[in-house]
Structure formats: structure tokens, C-alpha cells
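S.K.: Let me begin by handing over the structure; questions about it come next.
Laboratory data are not the source of any read-out in this text; all were calculated from the coordinates shown. Keep in mind that this is a model prediction, so the values were computed, not measured. For neighbour counting, all protein chains shown are included, and Cβ atoms are generated from backbone atoms with ideal geometry for every residue, glycine included.
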Amino acid sequence: RYKRMTGHNVLNPMGWDSFGLPAERAAMKEDRHPAEITRERIARFKEQLTRLGIGFDWSREISTCEVDYYHWTQWLFLTLHEQGLAYLEDVPVWWCPAQGTVLANEEVIDGRSERGGHPVQRIPLRQWMLRITAYADRLQNDLESLDWSEGIKALQRNWIGRSTGAEVDFFIGGSAEFDAWRASRQASGFPKEASADCLRIYTTRPDTLYGATYMVIAPEHPAVDRLTTPEQQAAVTAYREATAAKSDRERQEEKKKKTGVFTGAFAINPVNGRPIPIWIADYVLISYGTGAIMAVPAHDDRDFEFAQQFGLDIVAVVDPGDATDVDRALVLAGQQCSTGHGLAYQSGPYDGLKTAECKERITGDLSEAGTGRAAVNYKLRDWLFSRQRFWGEPFPLLHELDDDGNPTGMIRPVPEDQLPVDLPHLEDYKPHGRPEPPLAKADDDWLYPVIDGKRYRRETNTMPQWAGSCWYYLRYIDPNNDQALVDPELERAWMPVDLYVGGAEHAVLHLLYARFW
């Protein structure tokens, strides 16, 4: 009102983020249909806001669960799919049988769902992913041009987590075979993908390679089975089963006592030819870097604690000099951890180099030897974009079937002129404790369309709640347009958003997804 009175054009709309698991769970609790309770709640909220006298422009009201809105959510997904930014992948996920859906790490506490306290389990499941990592650099660099508070931008930078360092391959096998492997690498160069005879790691501190005294791989790492010796099989299996009930957040807690198990296998440190043991430990996550690390206990707190716990070698390779936060003598003796910079120590030809110079030199030498290369890494992971639930946007995708009704592996987007794909009405929308989504119970007329004489099966996963809430500000500009998501001229006139009211909990994921979307 103030801005209007001072001569500004003001667009102050209101809408409803109405698809998603919370609405579905509330409907199940009341033994009603989510469409029914969602529209009932919206009417109540609207009445309350109207009675408060807030000056919303109700002619622009939107709701993410209405077909004229999610028509364009589906159109946006197809646009991403056409650009190769949406793909299927088997990923380890938290599956909650009681809720019948996949949960994010943040929704799992002590092996149970945050909502309802139901037991969860880690299972591999084929999921739709969005390749948000393809935009990691832009998402980070473009923060500088945003007129946002520094605190919000810092939260996003930390979530994206850009770091520079090196990828390094550690040969798995004996010293005799290592010489032949090294000669082959020098001739052929560093391969794009790691071969089966090595473990690839990412490190921000290649200058500490001479201090790597063991390796650790995540319990979910695909190399675990082939690395584990028969003597260690029972211990490794038991450890992996125990880890499966822990969330990533629990595994990363700094005060937690370090646990792990030896695989029985060894790798060769590429800079000094020293055999080092390969362990499995839950403090290493499959979702970060390569899911394997070189452990340098003298210069990493977690590695130091782990080495002390299991009696592993601790070799200092960075002289902290006159640093005031550590005792130099204890550090050089391997009795205290120092994570700061200094001068290379016990590092062969690199001795005496400052940390920054040592990083650069050793990375260059690794590249020449074909055993490593400079690399950039991100904490940001691709976006898991499918849910095994009913109350969400249907994917506009079709799986081709052969004459016997089996999938051929070919996926066809729903033609744009056939959008939207309506969410069918299901009386029995509740999960059944299996990963097969509720939409698999839809009528055959919806589930098995025929196009150009070919029979298809619709994708039965639904999109996450984020899908509709990532772009709603654009639809406010042109909410009744049935020909386009938004008129370009209206978009130029109204964008960007001047004032956004939301809690700090939206500072990372919602605003990050909105920028990507």
C-alpha cells in the first residue's frame, strides 16, 4: 500500500504450494482424499487472509496442484529433458515403507523418518535426476551479482561447495605390477574414467600425498565387493549392514567415535610406491567426491582420530613452522594433527616448498606421470527429482512397450500438444510398502496410452514438491495464459522480484532450485 501511494506499480499476489508429501500424509491421517483436504485448507487460509485485510491481488491466485498450473511445470520438465538435464539413474536412497516414498537425508534421524518416526532403509532405486551440477559454476559465480544479504549468499556458497584440487589414481595390487602400471600410465596419460585396477580419489591437498598412509572408501562404494578378501568378508558385510541405518548427517557428526573395517586389500601410493591398506568407514560418503579418500592422518582431524583408533601410521609431511595453534615438535613426531599450511616435509623432491607451490608442482608432476590431474569438485549433487507417491505432478514421459508388454528401454516425451498429463483420480492412493508408486494402480486407459500405433506405459513416479514451487513467481505475472508459461513482455516489465518474504529454511534449497529452474 505504501509503495502504491508513492507512485509505484505493485504486484502483490498470493498462491498455494499444494502438492507434496505433507498434504498427502494429512489426508491419510483424516482418511480423506488429498485433493479434498487441500482445497478445503486453501479456502480456509484465503478467508483468514481476507479477514486480515491484506491487500493481495486475488485475480492472480495460483495453486500448484491445479492442472492449469502444473501443465507448465510439466512443460518446464520437458524442456530440461530435451536439453539432457533430466536422466534416470540407480541411486542409493532412503526408502520409508510406511510413507511409501523416498526421503532426503535431512528427513532421516537415527534411522527413522523425521515425520512419523517410521523405520527407513537404504535401497538402490531407479530415480529421475536433474543435472543441477552442470550449472554449479554459474550458480556460485552469479551470486556476486545478486542484491541479497551476504548471509544468504554464504549459505548457498557452502551448499554448492566449490573446491579446487586434484584427482589421483592409486593402483590396487603389488609393487611388481605397480611398476608396469606406472609405465603404462606415463605412456597413455590419465584416463577420463578410473580403470578397475585402481581407486580414484579427489583431494584439495595434493601437497600431502607423501603423508597418505591408508585409504578409506565409503561402505556403498562399488569397489567394496572386489576389494574385500575372503578373510574379511564377514566383518565387511556386518559393517555395511550397520551403516545402512545411518543418515549422512549422522555419519558426519564430528563427535562420533570413528568406526571402520579393513578390506584386506592394499593400494600403492603413486608418489612413493608405498603399499597402504584400504579400509571401509562410514565417515566417507559415496555422495562426495569419488566416495574414496587418501587418508593423511597427520593433517586431517578425522583421519588422525581414525588412525589413532586403529593403530595406523601417522607421517607428518607439512612443517607448520611457527604456527601458534599447534606444537611443531608433536606434529613432526606424528603425535598431533596440523591442518594448516606450511613447508613440505618428508616429501622427497618437494621438501621445503610452501604449500601453495607444492600443490601446483605435485599436481603438474602427477599429470605428466598419468596418475593424476587438476580437478574442481562440488559438494552439490544432482537433484533427485522423483517420488514414489500419488499427490504430485505426473511426469510427461512414456516408456515404450514391446508386443509382449515389456519395456524396450526407449523413453518418449509426451507431445507438447498433449499436455497437460492430468493426475488421475485414485480412491486408493495410499502407499503399499513397496517402491512401486501408487499411480501404477491407475486405470489402464490412463496408464497405457497408444500413440502412432505404439503402446506405452506412463511414468508412474511423481515430481517432488519443489517442482511447482521453483517457478511460481513467473506465473504470477501471467496466471491465465494458456498458450505460454509467461508472456515475455510482461516478464520484462515485472521481473525481477523486488521483495521475497520467506523463512531462513528456504535460503539454500528453495532459492538454489529456483535459480536453476
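S.K.: With +1 on each Lys and Arg Cβ and -1 on each Asp and Glu Cβ, and nothing else charged, work out how big the dipole of segment 246-340 is about its Cα centre, in Debye to the nearest 20.
M.R.: The calculated dipole for segment 246-340 is roughly 380 debye.
S.K.: Along the charge dipole of segment 1-48, pointing to its positive end and built from +1/-1 on Cβ of Lys, Arg, Asp and Glu, which listed residue (Asn12, His33, Pro22) has its Cα farthest out?
M.R.: The residue sitting farthest along the positive end of the dipole is Asn12.
S.K.: If the reach is capped at under 17 angstrom between alpha carbons, list the lysines near Lys29, excluding any in the same chain fewer than eight residues apart.
M.R.: Lys29 reaches Lys430.
S.K.: Quick check: from the Cα gyration tensor, does segment 1-103 come out rounded (a/c under 1.5), prolate or oblate?
M.R.: oblate
S.K.: Where the centre of each part is set by its Cα atoms, how far does segment 141-209 sit from segment 277-312, in angstrom?
M.R.: Answer, in whole Å: 16.
S.K.: Measure off 7 Å from each Cα along the Cα-to-Cβ vector at Arg32 and Asp147, then give the distance between these two points in nanometres to one decimal.
M.R.: 4.3 nm
S.K.: Right, here's the next one. Students often get this wrong: which residues of segment 452-478 have the backbone nitrogen under 20 Å from the point 7 angstrom along Cα-to-C-beta of Met410?
M.R.: 452-460
S.K.: With the cut-off at 1.5 for a/c, could you classify segment 53-169 from its C-alpha gyration tensor as rounded, prolate or oblate?
M.R.: rounded
S.K.: Mind jotting down the three principal axis lengths of segment 416-493 based on Cα atoms? Whole angstrom, largest first.
M.R.: Extents along the principal axes: 47, 34, 19 Å.
S.K.: If the chain between Thr259 and Ala183 were fully stretched, how many nm would it gain, using 0.36 nm times the residue separation less the Cα-Cα distance?
M.R.: 23.7 nm is the gain from fully extending Thr259 to Ala183.
S.K.: Using the 2.2 N^0.38 Å rule of thumb for compact globular proteins, work out how segment 166-274 stacks up: its C-alpha Rg over that value, please. Intermediate values should be presented prior to the final figure.
M.R.: Numbers: Rg = 15.5 Å, N = 109, 2.2 N^0.38 = 13.1 Å.
Cα-based Rg divided by the globular estimate yields 1.19.
S.K.: Further question on the same structure: Report the gain in length on full extension from Ile109 to Val67: 0.36 nm times residue separation, minus Cα-Cα distance, nm rounded to one decimal.
M.R.: 11.6 nm
S.K.: May I pose another question? Multiply the residue gap between Arg44 and Thr6 by 0.36 nm, knock off their C-alpha separation, and tell me the result in nm, one decimal place. List each step's numbers first, then the result.
M.R.: Details: separation 38, 0.36 × 38 = 13.68 nm, distance 3.26 nm.
10.4 nm is the gain from fully extending Arg44 to Thr6.
S.K.: Just in segment 177-248: which GluC sites (Glu not before Pro) are loop by DSSP and have at most 10 other Cβ atoms within 10 Å?
M.R.: Numbers: sites: Glu177, Glu193, Glu220, Glu231, Glu241; in loops: Glu193, Glu220.
Passing both the DSSP loop test and the Cβ count: Glu193.
S.K.: Just to be sure I understand: if I project the alpha-carbon convex hull of segment 193-254 onto a plane and average over all orientations, what area do I get in nm²?
M.R.: 6.1 nm²
S.K.: Which whole-number value in Å³ per residue fits the convex hull of the alpha carbons of segment 275-376?
M.R.: 129 Å³
S.K.: How long is segment 218-322 along each principal axis, judged by its Cα atoms, biggest number first, in Å?
M.R.: On the principal axes, segment 218-322 reaches 45, 32, 25 Å in Cα extent.
S.K.: Evaluate E = 1/(1 + (r/R0)^6) for Ala238 and Glu436, where r is the Cβ-Cβ distance and R0 equals 41 Å; express this FRET efficiency to the nearest 0.05.
M.R.: 0.85
S.K.: At what distance in nm do the modelled label points of Gln335 and Tyr87 sit from each other, each positioned 7 Å from its Cα along Cα→Cβ?
M.R.: Simple spin-label model gives 5.1 nm for this pair.
S.K.: Continuing with this model, one more query. Quick one: if you stick a label point 7 Å off each Cα along the C-beta vector at Glu400 and Asp422, how many nm between them?
M.R.: 2.9 nm
S.K.: Sticking with this structure for a sec: Which of these values of Rg and Dmax of the Cα atoms in Å was calculated from the structure shown: (i) 27.0, 83; (ii) 30.3, 97; (iii) 23.0, 77?
M.R.: (i)
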